[in-house]
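K.L.:
So that we are looking at the same thing, I have put the structure below in structure tokens.
The values are calculated or read from the model by the stated rules, or taken from the named source; none is laboratory data. Since this is a predicted model, take the numbers as computed values, not measurements. Quick reminder, even Gly has a Cβ in these numbers, built from the backbone with ideal geometry, and neighbours come from all protein chains shown. Note: accessible area is taken over every heavy atom of the protein model, side chains too, but ligands, DNA and RNA are not part of it. Shrake-Rupley method; radii C 1.70, N 1.55, O 1.52, S 1.80 Å.
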Amino acid sequence: MAEIIFKSGIKRDKGLLYWARPDGIYGKKLKRAGESAGKETKVASHGQSLDYSKFMYFIVGDDLSLARSARQVGGSKRKKSAAPKKAAKKAAPKKAAKKAAPKKAAKKAPAKKAAKKAPAKKRR
């Protein structure tokens, strides 16, 4: 679940796109047909230190609140469970398998010859 770490109190403008950076919340005018995209501007300064290795940060709500959610850690970084492992059973020695009699080689069918093409007609 996400927790809100900063409330800016600024109302969201429908014509702007917002995102979070380590030094504040930024916004940029959305690009429309026939219009330029505009420059990014700093909307609010949050003063929080952001730890991107443990959390994801995003903007929520109409008041541009900064929220964070714990990252899902996978692969070799995941903690190993402390449950004791059961000892693996030793495999019983395998019996020697009897060798099968060699099979006789099957005769191959003779290769088919390609059909001859009719000679091309002359053009006049």
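K.L.:
Got a sec? Which of Ala44, Ala67, Ala100, Ala87 is open to solvent by 80 Å² or more (accessible area, probe 1.4 Å), at pLDDT 70 or above and not β-branched (Val, Ile, Thr)?
P.N.:
The match here is Ala100.
K.L.:
Can you pull out the residues in segment 29-39 that are open to solvent by 70 Å² or more (accessible area, probe 1.4 Å) and touching a Gly at 6+ places or on another chain (Cβ under 7 Å)?
P.N.:
Across segment 29-39, the qualifying residue is only Lys29.
K.L.:
Taking segment 1-24, which residues are farther than 24 Å from Ser49 by Cβ, assigned to a strand (DSSP E or B) and open to solvent by 90 Å² or more (accessible area, probe 1.4 Å)?
P.N.:
Leu17 - this is the single residue of segment 1-24 that is farther than 24 Å from Ser49 by Cβ, assigned to a strand (DSSP E or B) and open to solvent by 90 Å² or more (accessible area, probe 1.4 Å).
K.L.:
Any chance you could count how many residues in segment 48-60 are touching a residue at least 24 places away in the same chain (Cβ under 8 Å) and either surrounded by 10 or more Cβ atoms within 10 Å (Cβ to Cβ) or not hydroxyl-bearing (Ser, Thr, Tyr) (or both)?
P.N.:
6
K.L.:
For segment 32-58, how many residues meet the condition of being part of a loop (DSSP other than H, G, I, E, B), more than 27 Å from the chain's Cα centre (by Cα) and of a type in the set (D, E, K, R)?
P.N.:
Residues that pass the stated criteria total 4.
K.L.:
Here's another thing I want to ask about it. Looking only at residues that are more than 16 Å from Ala2 (Cβ to Cβ) and assigned to a loop (DSSP other than H, G, I, E, B) in segment 70-82, which one is modelled with the lowest pLDDT?
P.N.:
Ala82
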